[in-house]
Every structure is written in structure tokens, then in C-alpha cells.
């Protein structure tokens, strides 16, 4: 069942949003040909703030969409590297209304 259907039936709870999981947890906006995933604006602000704090503390992220690869170094020294299919899967789950870097840096704080 799509998020839109859950929302229309009153079974969608915004407090349980976890966009990393799947489309059930992201805001689903269906057009005739496309479906987009969007975070609620308050979560976008929180993610951007967390990412900015991480970068100010020394965290870095490098995303190459061509290969694709994702390289993240957190301010605590933790390192994450994803490539090919794994990177494609991660990038496909990023909501449309937030920068890839902001979303992944905020998410990586919980890995």
C-alpha cells in the first residue's frame, strides 16, 4: 500500500517518518507520470542543521553520481564508502526536497 493511500485512510502518522526506510516513510506526491518523495519541511530544516553542524565539526562527504560512489568521513573519524549498486540504492532513497549531501550527513550520524 502506498503512503498516499495510508494517508488518505488516516493510517499515516507523521511522527513516525523515517525517510531512510522506504516510500512508506516519505511524503508521496503522485503526478500522472512521476512519483516524488519529500520530507516534511520541519524535518528538512532539522536535517540541514544536523548536516551543517557535522561539516563545521570536520565531517566531509563526496558523492559521484556518474560511477556512483558515496564517501563519508564523520567528525568522530567514522568512515563510510558505498559504490555501484549499493550507492545507487542509497541515492534513490533520498527525498527530492533536500540536498543529497545534507540528507546523507544527517543520516550517517545514526549509523
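The values are calculated or read from the model by the stated rules, or taken from the named source; none is laboratory data. Bear in mind that the values here come from a model prediction, so they are computed numbers and not experimental data. Cβ placement follows ideal geometry from the backbone for every residue including glycine, while neighbour counts extend to all protein chains displayed.
For region 90-111, give me each residue that is touching a strand residue (DSSP E or B) at 6+ places or on another chain (Cβ under 8 Å) and either assigned to a helix (DSSP H, G or I) or within 17 Å of residue 56 (Cα to Cα) (or both). Correct list: 90, 91, 100, 101, 104, 105, 108. Restricting 21, 13, 8 to residues that are loosely packed, with under 13 Cβ neighbours inside 10 Å, at pLDDT below 95 and within 11 Å of the chain's Cα centre (by Cα) narrows the list to 21.
Inside region 64-90, can you point out the residues that are surrounded by 14 or more Cβ atoms within 10 Å (Cβ to Cβ) and closer than 17 Å to residue 109 by Cα?
Restricting attention to region 64-90, the residues satisfying the condition of being surrounded by 14 or more Cβ atoms within 10 Å (Cβ to Cβ) are 68-75, 80, 82, 87-88, 90.
70, 71, 72, 73, 74, 75, 80, 82, 90, listed by residue number.
Checked across region 77-89, the condition of being assigned to a loop (DSSP other than H, G, I, E, B), farther than 15 Å from residue 43 by Cα and at pLDDT 95 or above holds for at least one residue.
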